[in-house]
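Read through the structure below, which is laid out as structure tokens, and then see the notes.
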Amino acid sequence: MKKNNMRFYVTITIVKIATKILKLLGRNATHLPGWLANQLCPDFLGHLEKPETLVYITGTNGKTTVSNLTAEILRDNGYNFANNASGSNVSEGLVSALLSKSSFFGKANEKLAILEVDERYSPLIYPYMQPDIFLCTNLCRDALDRNANVDFIVDILNTNISDHTKMILNGDDLIVSHLKPDNERVYFGIDKLPRDSKARPNIVRDIIVCPDCDTPLEYDFLRYNHVGRAHCPNCGYGSPEVNYDVTSVDEEKMEFTIKTATGEETYRLLGKNITDVYNELTAITLLHELGLTYEQIFKSMNKMKLVASRYNVEKVGNKEVIMCLAKGQSPIASSRVFEFIAEQGGNSAVVLLNYDYHDDLHSSENMAWIYEADYEFLNTDSVKQIIPGGKRCYDYQLRALLAGVSEERIECALNPEDVVKLVNLSEVDKIYILHAVYTRPKALEIKEHLIKRIQKGEK
Ligand SMILES: [Zn+2]
């Protein structure tokens, strides 16, 4: 037995025992087993047996939703597989997920693994275990201090993904669709929809000129940020032919149609936001590529709903309190939510609680990102109040003022709890609470207090 193999077997023994103890104590074993394994044996992932089909789901936005939706539908169809749904999407989470479905000696118990992977951690994961299928939802600027520029992420993906990996890519994202250009590939996308003609320009567009010849790209249509279909008027560069192409979205009937190589397929729409359509389409594409039929996917999709932690509406009397995930440090994710709110109309208050975890602990939030988010979308008659909470509330106030929002519509709460009393209930019928993953517990508390105020009939 080689020395490093001995180290692996000693590690897996310790980790399996530690996991059993954690479970006996009723503790979550989604991160710690992987962390311990990596500490004791840094190339641990490389020693684990790879399942027959290994899928990595990555991208700036939507990877958790796509991963969870895919997993739920597979489960509904009787599949068993390794999955990091409730765990972390960095190396430790992957190791924990694979370990939980492996034998005492690291042999894979399941033939399939569906793993959500943080794109930033590719160099720590891909060299040890390459996926058979790589899926990318989209790539855009995000968490500047952690991810740097989107070109940096593209570079680490292109450098680390094997030439033999099959790519499932967003054909409407020019940055994604050109990843690993010589690999086998399948594209999904949404064709031009009537709503695209009303699209408003965003501050950020991560690709403007042709990367091959520097000519400005011409967009056939631009949906948001750099997402849409474009071509270079000078060379052959441009959006690819899409294999799974959404041809219509019916918000009245809540259904949408996808054109595939074999015909047309209609599914129930899980959410009206265009990012909801992308997430659902992405999961359907992956499920088809894994061998599921239209009937299997259709039947299961009818049982699914959007995850309540991302978007949740609670009706209280004639008012609605709406929880929305809008990741902090992510200008594109926030802009999508802002545009969605503006499209909904009504009279609304927008409570901003998507402040940053690191800022809360270390006072180190880089606020540059709020100048890349389209606060201009909130400068509309239907948004009666913008209420930022937390110690950066005045930064958000300044940003909203620069977007043209009038001063009297912005109320600041240095203490996040104070947002509750600032909502003018006589003026608004929808209250959106935008939160980050980290601030969700606080946002839920605030939601409960707001509901009490509404129930008491306060103004
Ligand atoms: Zn060109």
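Laboratory data are not the source of any read-out in this text; all were calculated from the coordinates shown. Here the structure is a predicted model, which is why all the values come from computation and not from measurement. Counting neighbours? That spans all protein chains shown, and the Cβs are built from the backbone with ideal geometry, glycine included.
Before moving on, here are some points about what is shown:
- Extension gain for the segment T266 to K50, taken as residue separation times 0.36 nm less the Cα-Cα distance, is 74.3 nm to one decimal.
- Point-charge dipole on Cβ atoms (K/R +1, D/E -1) for the chain, about Cα centre, debye to 20: 1900 debye
- A DSSP coil position with no more than 14 other Cβ atoms inside 10 Å describes the following trypsin sites (Lys or Arg not before Pro) in segment 61-128: K107, K111.
- Helices in the chain, meaning DSSP H runs of at least 4 residues, each add -39500 (n - 2.57). Divided by all residues, the mean residue ellipticity at 222 nm is -10000 deg cm²/dmol.
- The length gained by stretching the chain between T293 and K391 to full extension, at 0.36 nm per residue less their Cα-Cα distance, is 30.2 nm.
- Two-decimal ratio, segment 311-455, of alpha-carbon radius of gyration to 2.2 N^0.38 Å: 0.94
- Measuring nothing but how far apart in sequence close Cα pairs (under 8 Å, 6+ apart) lie, relative to its length, segment 311-455 scores a relative contact order of 35 percent.
- Between K303 and D191, the FRET efficiency from the beta-carbon distance, with R0 = 22 Å, is close to 0.20.
- Summing Cβ point charges (Lys, Arg +1; Asp, Glu -1) relative to the Cα centre of segment 311-455 gives a dipole of roughly 420 debye.
- Estimated inter-spin distance, K23 and M6, nm [label 7 Å along Cα→Cβ]: 3.0 nm
- Full extension of the chain between K456 and T247 yields a length gain of 70.6 nm, computed as 0.36 nm times the residue separation minus the alpha carbon distance.
- Cα gyration tensor category, rounded, prolate or oblate, for segment 295-354 with a/c compared to 1.5: oblate
- Distance between the 7 Å Cα→Cβ label points at I208 and L144: 1.6 nm.
- The relative contact order of the chain comes to 11 percent, based on Cα pairs under 8 Å that sit 6 or more residues apart.
- Helix screen, the chain: DSSP H segments with Cα axial length of 24 Å or more and mean Kyte-Doolittle hydropathy at least -0.5 are 3-24.
- Kirkwood hydrodynamic radius (C-alpha pairs) into Stokes-Einstein, the chain, 25 °C and 0.890 mPa s, D in µm²/s: 104 µm²/s
- Förster radius 35 Å - calculated FRET efficiency between L414 and V316 (Cβ-Cβ, nearest 0.05): 0.85
- Paramagnetic reach from F105 in segment 23-58 [backbone N under 16 Å; point 7 Å along Cα→Cβ]: 47-50
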